[in-house]
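Read the structure below first, then the notes.
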Amino acid sequence: MTSINLLPWREERRQRRQRQFVASIVAAVLLGAVSVVGAHLLVAEQIQGQQTRNQFLRSEIARLNRIAEEMKKLDETKARLLARLDIIQNLQTSRPTMVRIFDTLARIAPDTLYLSSLRTEGNNITLNGTALSNYVVSDFLRRLVETPLFGEPVLRQIDNRDIAGVRVSIFDLAVPRKSQPPAETTAKSPARSQK
């Protein structure tokens, strides 16, 4: 019988397996190192990208904050201009009011009543004057009530004196002015046709 020596073959197989094992370990280490370096580079790239986006957002937020400040300043300017415009409009609408007050006082004052002073404080008007009698003052008060321009007058003081031999009533009264005097109607009622 022939004898076969398997030791060299086994030794060769063992060395081949050992080389394969070492090669697979080296390949696994290289693959692991490449994976770690790749993951590190990927994470570093993502961090850099996020930092770039964050910087862009910071610059946009700063730009929008500047725009918001400008808009706030424009809103303040607009509010100031609107307040001035309201004042101008109020002056324009109240400009003829004093003319109406003087015209109304001249029309409703009785012939024997003389106004010596007129003062305005807000919506209140203070009138001082002299009348021939207390009846003339009360008639003037009734006429003030009937006008659409004035509110209810308050007689603060009335004093009867003799001036140059004539008995007169010196009065002091306050009358509120209505905030919105009615606009004078210019349209006349149509004439009725007669048959």
Here the gain from full extension of ALA23 to ILE170, 0.36 nm per residue of separation minus their alpha-carbon distance, amounts to 40.1 nm
Once amide H atoms are placed 1.01 Å from N in the peptide plane, what residues at a sequence separation of 5 or more from ILE125, or on another chain, have their amide H within under 5 Å of its amide H?
VAL175, ARG177
When the chain is modelled as a GNM with alpha-carbon springs shorter than 10 Å, which of ALA109, ALA27, ALA131 fluctuates the most?
ALA27
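Once fully extended, how much extra length lies between GLU70 and LEU91, figured as 0.36 nm per residue of separation less the alpha-carbon to alpha-carbon distance? Provide the component values of the computation, followed by the final result.
Working: separation 21, 0.36 × 21 = 7.56 nm, distance 3.12 nm.
Taking GLU70 through LEU91 to full extension adds about 4.4 nm, to one decimal.
Would you please report the Å³ per residue occupied by the convex hull of the alpha carbon atoms in the chain? Write out the running numbers ahead of the final one.
Values: hull volume 69.9 nm³, N = 195.
It comes to 359 Å³ per residue, whole-number rounded.
Each reported figure results from applying straightforward, stated rules to the coordinates on display, with no laboratory input. All values derive from a computational prediction rather than experimental measurement.
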